[in-house]
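The values are calculated or read from the model by the stated rules, or taken from the named source; none is laboratory data. In this text, all values refer to a predicted model and were calculated from it rather than measured experimentally. Cβ: placed from backbone, ideal geometry, glycine included. Neighbour counts: every protein chain shown.
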Amino acid sequence: MSYPFLQLRLHPSCIVRPRTAHDVSTAISILESCNSTKFAIKGGGHNANAGYNNIQDGVTIDMQSMKYVEVARGDAVVRVGAGALWQDVYDEAETRNLTVLGGRIGVVGTAGFLTGGGISFFSPERGWACDGVVNFEVVLASGKIVSANATSHSDLFAALKGGQNNFGVVTRFDLKAFPANPIWGGRIIFGPKATTPLLSAFTELKTGTFDPYVAGWVTVLYNHTSATFNPVSIMWYTKPELKPGALKGITEVQPQIKNGMIQAPISEHTRNASRQVAANPGRTIWATTTFTISPTIVHRIHALWKDLVPEISKQYAYANPVAELTFQALPGPPRNGSSPNSLGFGQNETPEKNLVFLQIVFTFEDAAATDGFEEALKDLVKLIEGLVKEEGVFHKYKYLNFGASFQDPLGSYGEKSLMALKNVAKKYDPAGVFQTQVPGGFKLFKR
Ligand SMILES: Cc1cc2nc3c(=O)[nH]c(=O)nc-3n(C[C@H](O)[C@H](O)[C@H](O)COP(=O)(O)OP(=O)(O)OC[C@H]3O[C@@H](n4cnc5c(N)ncnc54)[C@H](O)[C@@H]3O)c2cc1C
């Protein structure tokens, strides 16, 4: 089994590689009948929390043999096996000049991504990638295979858009397709002196007039071994005929060391991005938090982080740590009568305009440093949230796909959404198989 981060490489006593939904159904029926056996479900294996997509001494259901991507001729839907990676999807869909709402790095899996929300190139304009799913094929705890969509099992349909592995094993996603066109974007590596101007440009982008074609993120990296802070932007403009639009400010920041902005098909952008992340597998831990944009908050968070990470990293210098702070926009909720998701944003909220979430990341080489970095991550989140609260811009939402195991993304959706998710879990999994036999993941009832 392949996992991008070393801490995910556990040793299950049995690995199941289903090829069909019926194989999954057989596996779940057997596992359900011996209820002391714990199991894990692995999509693309890119969630960084150890034990979420693999299990020590239990059974791992690895979806990797269900990688099929089918585009029916003349169809507006792409059918994706739950083991497919985003690169598989874009490569196949583009043969029919189609694309979908999906990941921006090709090596990432579809299943965890879509059941946790999913931020795509088109999210500012079209919302969460999970809202591009028109049907989930799911194997329930009973072994029954059902279709969840707007007209059949619609409660389960909503729950799977944000509730991840609490209800069953998704075996296929049917994704709404739309015409594929080249987009403009890529990575710009800036010189260290560009950090403040880059964060100012990001702040202006978020406080200025909303441009629905700007996607991506800005990151500051701290490499302890070289004692350098390096700002980077990975951003795209999805309507290249209008470029650079509101991306202008970011692309004009200087000094630039390498400018990789190109106009290309999405599959080429996702392949390039995969090359940039796959180079060096380490132990990666992450956490997230969300705030409302203000003219000062991005700089203040960065200043706090910049003061603390050299000191934290120094304590574990033997592990060659790299720290990352990433700022990124959130998508908006489904509107105009579309089927709901479970992420908790109301029709009238505009997270795509006002909200920014952080990814706070440490990557290191030596397992001995794990506990230390986990404690440091918790402290950093606490300090950053304290600062954000002091400025009055804290927002409770935690994006599940970048949540740490000590965080509570499902609770952050709000009481109403949480209750609905719990009711769906009780209805479709009355014995609580996915609560107790699947210990990994953000759980609804182990709270
Ligand atoms: C390099 C990188 C780039 C990323 N880029 C983006 C991005 O552009 N946008 C974004 O929104 N997020 C992004 N993410 C975060 C990403 O969404 C999560 O890591 C997500 O979990 C990846 O999906 P996966 O299938 O690889 O997950 P996995 O790690 O395989 O699974 C995650 C969780 O989902 C559950 N699960 C997996 N398969 C199934 C299934 N078939 N049925 C039910 N439950 C299942 C697992 O049990 C696990 O708890 C990125 C992450 C990385 C590491």
Out of the residues in the stretch 427-447 that are of a type in the set (D, E, K, R) and under 21 Å from Y52 (Cα atoms), state the one that is surrounded by the most Cβ atoms within 10 Å (Cβ to Cβ). D429
Can you name the residue in the stretch 375-410 that is among the β-branched types (V, I, T) and over 19 Å from E349 (Cβ atoms) and, of all such residues, is surrounded by the fewest Cβ atoms within 10 Å (Cβ to Cβ)? V381
Could you go through the stretch 136-153 and let me know if any residue there is touching a residue at least 12 places away in the same chain (Cβ under 8 Å), within 18 Å of the chain's Cα centre (by Cα) and within 12 Å of the ligand (Cβ to nearest atom). no
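Residues are listed down the side, and each one gets a yes or a no for (1) in contact with a Phe, Trp or Tyr (Cβ under 8 Å, 6 or more places away or on another chain); (2) at pLDDT 95 or above; (3) over 22 Å from G441 (Cα atoms):
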| residue | (1), (2), (3) |
| --- | --- |
| G132 | no, yes, yes |
| S142 | no, yes, no |
| A148 | yes, yes, no |
| S152 | no, yes, yes |
| A158 | no, yes, no |
| Q164 | yes, yes, no |
| F167 | yes, yes, no |
| T171 | no, yes, no |
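From S36, S29, S25, grab the single residue that is in a loop (DSSP other than H, G, I, E, B), farther than 28 Å from I285 by Cβ, outside the structural domain of L140 (by TED's automatic domain parsing) and more than 9 Å from the ligand (Cβ to nearest atom). Give the derivation first.
Numbers: S29 fails: in a loop (DSSP other than H, G, I, E, B); S25 fails: in a loop (DSSP other than H, G, I, E, B).
After ruling out the rest, the residue left standing is S36.
Quick check: anything in the stretch 52-61 within 13 Å of the ligand (Cβ to nearest atom), touching a Cys at 6+ places or on another chain (Cβ under 7 Å), of a type outside the set (F, W, Y) and outside the structural domain of G118 (by TED's automatic domain parsing)?
So the first thing to find is which residues in the stretch 52-61 are within 13 Å of the ligand (Cβ to nearest atom), and the list is 52-55, 58-61.
Applying the additional criterion that residues be touching a Cys at 6+ places or on another chain (Cβ under 7 Å) yields 59.
With of a type outside the set (F, W, Y) added as a condition, the list becomes 59.
Now narrow it down to the ones that are outside the structural domain of G118 (by TED's automatic domain parsing): 59.
Yes, that holds for at least one residue.
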